[in-house]
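I have placed the structure first, in the form of C-alpha coordinates, so that the comments after it can refer back to it.
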Amino acid sequence: MTTILVIEDDPSIRAALEQGLVERGHSVQSAATGIAGLEAVLGDHPDLVLLDLGLPDVDGLTVIGMIRAAGSVPIIVLTAVDDDPTMVAALDAGADDYVVKPFGFEQVTARVRAVLRRTHRHASSDPIRVGELTIHAPTRTATLADRPLELTRREFDLLLALAARTGEVVSKRTLLADVWQHADGSDRTVDVHLSWLRRKLGETAAQPRYLQSVRGVGVRLVDPTAQQDRKSS
Ligand code: CA
(Lines give C-alpha, C1' and ligand atoms only; values in the text may rest on other atoms or scores of the structure.)
Protein backbone atom coordinates (compact mmCIF):
# COMPACT_ATOMS: atom_id res chain seq x y z
CA MET A 1 0.00 0.00 0.00
CA THR A 2 1.27 3.45 -0.86
CA THR A 3 1.10 6.26 1.67
CA ILE A 4 0.12 9.64 0.29
CA LEU A 5 0.63 12.83 2.23
CA VAL A 6 -1.89 15.59 1.49
CA ILE A 7 -0.68 19.10 2.38
CA GLU A 8 -3.70 21.35 1.93
CA ASP A 9 -5.13 24.09 4.15
CA ASP A 10 -8.70 24.01 2.77
CA PRO A 11 -10.50 21.50 5.04
CA SER A 12 -13.13 20.50 2.48
CA ILE A 13 -10.62 19.82 -0.30
CA ARG A 14 -8.38 17.99 2.17
CA ALA A 15 -11.27 15.80 3.35
CA ALA A 16 -12.36 15.02 -0.22
CA LEU A 17 -8.82 14.01 -1.21
CA GLU A 18 -8.40 11.89 1.93
CA GLN A 19 -11.65 10.04 1.36
CA GLY A 20 -11.10 9.46 -2.35
CA LEU A 21 -7.54 8.21 -1.90
CA VAL A 22 -8.48 5.88 0.97
CA GLU A 23 -11.29 4.44 -1.17
CA ARG A 24 -8.70 3.67 -3.83
CA GLY A 25 -6.61 1.66 -1.40
CA HIS A 26 -4.01 4.25 -0.41
CA SER A 27 -3.00 5.06 3.11
CA VAL A 28 -3.39 8.82 3.62
CA GLN A 29 -1.83 11.34 5.99
CA SER A 30 -2.59 15.01 5.91
CA ALA A 31 -1.27 18.35 7.04
CA ALA A 32 -2.84 21.81 6.96
CA THR A 33 0.36 23.88 6.86
CA GLY A 34 3.71 23.75 5.07
CA ILE A 35 5.63 23.22 8.29
CA ALA A 36 3.38 20.38 9.48
CA GLY A 37 3.68 18.88 6.00
CA LEU A 38 7.44 19.05 6.04
CA GLU A 39 7.51 17.39 9.46
CA ALA A 40 5.32 14.58 8.08
CA VAL A 41 7.64 14.13 5.06
CA LEU A 42 10.66 13.84 7.34
CA GLY A 43 9.01 11.71 10.01
CA ASP A 44 6.65 9.44 8.10
CA HIS A 45 8.37 8.95 4.71
CA PRO A 46 5.25 9.03 2.47
CA ASP A 47 5.43 7.52 -1.05
CA LEU A 48 3.97 10.63 -2.67
CA VAL A 49 3.04 14.18 -1.65
CA LEU A 50 0.02 16.14 -2.90
CA LEU A 51 0.93 19.74 -2.17
CA ASP A 52 -1.30 22.79 -2.33
CA LEU A 53 0.80 25.78 -3.42
CA GLY A 54 -1.28 28.34 -1.51
CA LEU A 55 -0.54 27.55 2.12
CA PRO A 56 -0.99 29.94 5.06
CA ASP A 57 2.50 29.72 6.54
CA VAL A 58 5.13 28.93 3.90
CA ASP A 59 5.06 29.59 0.16
CA GLY A 60 4.45 26.35 -1.75
CA LEU A 61 7.58 26.74 -3.88
CA THR A 62 9.62 27.01 -0.68
CA VAL A 63 7.96 23.84 0.63
CA ILE A 64 8.96 22.02 -2.59
CA GLY A 65 12.55 23.18 -2.11
CA MET A 66 12.56 21.99 1.51
CA ILE A 67 11.08 18.59 0.61
CA ARG A 68 13.63 18.21 -2.22
CA ALA A 69 16.45 19.10 0.17
CA ALA A 70 15.29 16.18 2.30
CA GLY A 71 14.80 13.54 -0.41
CA SER A 72 13.25 12.38 -3.66
CA VAL A 73 9.62 11.66 -2.69
CA PRO A 74 7.40 12.44 -5.73
CA ILE A 75 5.40 15.69 -5.44
CA ILE A 76 2.20 16.60 -7.29
CA VAL A 77 1.23 20.24 -6.76
CA LEU A 78 -2.35 21.49 -6.54
CA THR A 79 -3.02 25.05 -7.47
CA ALA A 80 -6.09 27.24 -7.64
CA VAL A 81 -5.20 29.08 -10.81
CA ASP A 82 -3.99 27.97 -14.18
CA ASP A 83 -0.92 30.09 -13.75
CA ASP A 84 1.81 28.98 -16.15
CA PRO A 85 4.77 30.81 -14.55
CA THR A 86 3.89 29.30 -11.15
CA MET A 87 3.57 25.81 -12.68
CA VAL A 88 6.92 26.18 -14.43
CA ALA A 89 8.49 27.40 -11.19
CA ALA A 90 6.96 24.45 -9.28
CA LEU A 91 8.27 21.93 -11.82
CA ASP A 92 11.69 23.64 -11.83
CA ALA A 93 11.73 23.52 -8.02
CA GLY A 94 11.31 19.75 -8.19
CA ALA A 95 7.59 18.96 -8.47
CA ASP A 96 6.83 15.90 -10.61
CA ASP A 97 3.42 16.96 -11.90
CA TYR A 98 0.57 19.37 -11.20
CA VAL A 99 -3.23 19.51 -11.09
CA VAL A 100 -5.22 22.72 -11.49
CA LYS A 101 -8.21 23.38 -9.20
CA PRO A 102 -11.06 22.82 -9.50
CA PHE A 103 -10.08 19.28 -10.40
CA GLY A 104 -12.02 16.09 -10.97
CA PHE A 105 -11.01 13.37 -8.60
CA GLU A 106 -10.35 10.92 -11.43
CA GLN A 107 -7.77 13.33 -12.78
CA VAL A 108 -5.98 13.46 -9.43
CA THR A 109 -5.88 9.66 -9.08
CA ALA A 110 -4.73 9.26 -12.69
CA ARG A 111 -1.86 11.67 -12.02
CA VAL A 112 -1.02 9.87 -8.78
CA ARG A 113 -0.89 6.54 -10.63
CA ALA A 114 1.18 7.96 -13.46
CA VAL A 115 3.70 9.60 -11.11
CA LEU A 116 3.97 6.45 -8.96
CA ARG A 117 4.54 4.38 -12.11
CA ARG A 118 7.10 6.82 -13.43
CA THR A 119 8.98 7.01 -10.17
CA HIS A 120 8.85 3.21 -9.79
CA ARG A 121 7.45 3.36 -6.31
CA HIS A 122 5.63 0.10 -6.93
CA ALA A 123 8.80 -1.53 -8.14
CA SER A 124 10.54 -0.45 -4.97
CA SER A 125 11.46 -3.00 -2.35
CA ASP A 126 8.16 -2.31 -0.54
CA PRO A 127 5.66 -5.14 -1.06
CA ILE A 128 2.07 -4.26 -1.95
CA ARG A 129 -0.29 -5.52 0.77
CA VAL A 130 -4.01 -6.01 0.23
CA GLY A 131 -5.67 -7.77 3.13
CA GLU A 132 -3.78 -11.04 3.63
CA LEU A 133 -2.31 -10.84 0.16
CA THR A 134 1.27 -9.62 -0.26
CA ILE A 135 2.83 -8.98 -3.66
CA HIS A 136 6.54 -8.30 -4.06
CA ALA A 137 7.29 -6.99 -7.55
CA PRO A 138 11.13 -7.19 -7.55
CA THR A 139 11.21 -10.90 -6.64
CA ARG A 140 7.92 -11.65 -8.46
CA THR A 141 6.55 -13.46 -5.44
CA ALA A 142 3.13 -13.34 -3.81
CA THR A 143 1.80 -14.82 -0.60
CA LEU A 144 -1.70 -15.28 0.79
CA ALA A 145 -1.87 -15.47 4.59
CA ASP A 146 1.93 -16.08 4.52
CA ARG A 147 1.57 -19.08 2.16
CA PRO A 148 3.46 -18.67 -1.14
CA LEU A 149 1.25 -18.60 -4.24
CA GLU A 150 2.46 -20.62 -7.23
CA LEU A 151 1.64 -18.22 -10.04
CA THR A 152 2.54 -18.38 -13.71
CA ARG A 153 4.16 -15.33 -15.25
CA ARG A 154 0.85 -14.05 -16.67
CA GLU A 155 -1.02 -14.68 -13.44
CA PHE A 156 1.58 -12.75 -11.49
CA ASP A 157 1.54 -9.88 -14.00
CA LEU A 158 -2.26 -9.79 -13.85
CA LEU A 159 -2.25 -9.72 -10.05
CA LEU A 160 0.40 -6.98 -10.03
CA ALA A 161 -1.51 -4.89 -12.59
CA LEU A 162 -4.62 -5.06 -10.38
CA ALA A 163 -2.67 -4.52 -7.15
CA ALA A 164 -1.08 -1.36 -8.57
CA ARG A 165 -4.66 0.00 -8.80
CA THR A 166 -6.12 -1.59 -5.68
CA GLY A 167 -9.78 -0.66 -5.20
CA GLU A 168 -10.19 0.66 -8.74
CA VAL A 169 -12.16 -1.10 -11.43
CA VAL A 170 -9.67 -1.94 -14.19
CA SER A 171 -11.03 -2.61 -17.67
CA LYS A 172 -10.10 -5.78 -19.53
CA ARG A 173 -8.69 -3.59 -22.28
CA THR A 174 -6.29 -1.99 -19.78
CA LEU A 175 -5.31 -5.42 -18.48
CA LEU A 176 -4.71 -6.69 -22.02
CA ALA A 177 -2.48 -3.67 -22.66
CA ASP A 178 -0.62 -3.96 -19.35
CA VAL A 179 -0.20 -7.72 -19.10
CA TRP A 180 -0.31 -8.88 -22.71
CA GLN A 181 0.82 -5.60 -24.38
CA HIS A 182 -2.11 -6.20 -26.71
CA ALA A 183 -5.06 -3.85 -26.08
CA ASP A 184 -7.20 -5.29 -28.90
CA GLY A 185 -6.88 -8.90 -27.74
CA SER A 186 -9.83 -10.93 -26.56
CA ASP A 187 -11.58 -10.34 -23.23
CA ARG A 188 -11.75 -14.12 -23.04
CA THR A 189 -7.97 -14.23 -22.50
CA VAL A 190 -8.37 -12.06 -19.43
CA ASP A 191 -11.36 -14.08 -18.19
CA VAL A 192 -9.48 -17.36 -18.42
CA HIS A 193 -6.45 -16.04 -16.54
CA LEU A 194 -8.71 -14.41 -13.96
CA SER A 195 -10.40 -17.72 -13.30
CA TRP A 196 -7.03 -19.44 -12.84
CA LEU A 197 -5.88 -16.66 -10.53
CA ARG A 198 -9.14 -16.93 -8.58
CA ARG A 199 -8.59 -20.64 -8.06
CA LYS A 200 -5.13 -20.00 -6.65
CA LEU A 201 -6.57 -17.36 -4.32
CA GLY A 202 -9.09 -19.95 -3.14
CA GLU A 203 -12.17 -18.16 -4.46
CA THR A 204 -14.69 -18.45 -7.28
CA ALA A 205 -16.48 -15.97 -9.54
CA ALA A 206 -19.70 -16.82 -7.71
CA GLN A 207 -18.11 -16.20 -4.32
CA PRO A 208 -15.36 -13.64 -4.91
CA ARG A 209 -13.16 -12.26 -2.17
CA TYR A 210 -10.18 -10.38 -3.61
CA LEU A 211 -11.18 -10.30 -7.28
CA GLN A 212 -14.48 -8.52 -7.78
CA SER A 213 -15.87 -8.46 -11.32
CA VAL A 214 -17.98 -5.51 -12.35
CA ARG A 215 -20.13 -6.70 -15.23
CA GLY A 216 -19.43 -4.93 -18.49
CA VAL A 217 -16.71 -2.78 -16.92
CA GLY A 218 -13.85 -4.87 -15.60
CA VAL A 219 -12.44 -6.20 -12.38
CA ARG A 220 -10.95 -4.81 -9.23
CA LEU A 221 -8.76 -6.09 -6.46
CA VAL A 222 -10.19 -5.34 -3.04
CA ASP A 223 -9.32 -6.07 0.56
CA PRO A 224 -12.13 -8.40 1.67
CA THR A 225 -11.37 -7.77 5.35
CA ALA A 226 -11.87 -4.00 4.86
CA GLN A 227 -15.16 -4.70 3.06
CA GLN A 228 -16.38 -6.70 6.03
CA ASP A 229 -15.37 -3.87 8.36
CA ARG A 230 -17.34 -1.40 6.29
CA LYS A 231 -20.42 -3.61 6.20
CA SER A 232 -20.37 -4.22 9.93
CA SER A 233 -19.82 -0.56 10.84
CA1 CA B 1 -4.75 26.84 -0.11
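The values are calculated or read from the model by the stated rules, or taken from the named source; none is laboratory data. Here the structure is a predicted model, which means the values were calculated and not measured. A quick note on method: Cβ atoms are made from the backbone with ideal geometry, for glycine too, and the neighbour counts reach across all protein chains shown. Note: accessible area is taken over every heavy atom of the protein model, side chains too, but ligands, DNA and RNA are not part of it. Shrake-Rupley method; radii C 1.70, N 1.55, O 1.52, S 1.80 Å.
Across the chain, where is the longest run that never hits trypsin sites (Lys or Arg not before Pro) in a DSSP loop with at most 13 other C-beta atoms within 10 Å?
Result, exposed sites excluded: 1-139.
Apply the a/c threshold of 1.5 to the C-alpha gyration tensor of the stretch 139-213 and tell me whether it is rounded, prolate or oblate.
Prolate, because a/c is 1.5 or more and a/b exceeds b/c.
Can you check what the net charge comes to around residue 17, using other residues whose Cβ is under 14 Å from the Cβ of residue 17 (Lys, Arg +1; Asp, Glu -1)?
Residues close to residue 17 contribute a combined charge of -3.
So if each residue of separation counts as 0.36 nm, and I subtract the Cα-Cα distance between residue 200 and residue 42, what length gain in nm does that give?
Result: 52.9 nm gained on full extension.
Starting from the amide H of residue 137, placed 1.01 Å from N in the peptide plane, find each other amide H under 5 Å away whose residue is 5 or more places distant or on another chain.
Amide H neighbours of residue 137: 128.
Compute the distance in nm between two label points, each set 7 Å from the Cα along the Cα-to-Cβ direction, one at residue 141 and one at residue 126.
A separation of 2.0 nm, rounded to one decimal place.
Can you give the accessible area per residue of the chain, in Å², using a 1.4 Å probe?
50 Å²
With a point put 7 Å past each Cα toward its Cβ, work out how far residue 154 is from residue 191 in nm, to one decimal.
The two pseudo-label positions are separated by 1.4 nm.
Report the FRET efficiency, 1/(1 + (r/R0)^6), for residue 82 and residue 105, where r is their Cβ-Cβ distance and R0 is 25 Å, rounded to 0.05.
FRET efficiency, residue 82 to residue 105: 0.85.
I want to verify the translational diffusion coefficient of the stretch 147-186 in µm²/s; compute it with Stokes-Einstein, Rh as the Kirkwood radius over Cα pairs, at 25 °C and 0.890 mPa s.
Diffusion coefficient, whole number: 230 µm²/s.
Determine how many Å³ per residue the convex hull of the Cα atoms of the stretch 1-67 encloses.
63 Å³
Each label point is 7 Å from the Cα along the Cα-to-Cβ direction; what then is the distance between the points at residue 72 and residue 215, in nm?
4.8 nm
Solvent-accessible area of residue 158, probe 1.4 Å, all protein chains present, reported in Å² to the nearest ten, please.
Accessible area of residue 158: about 0 Å².
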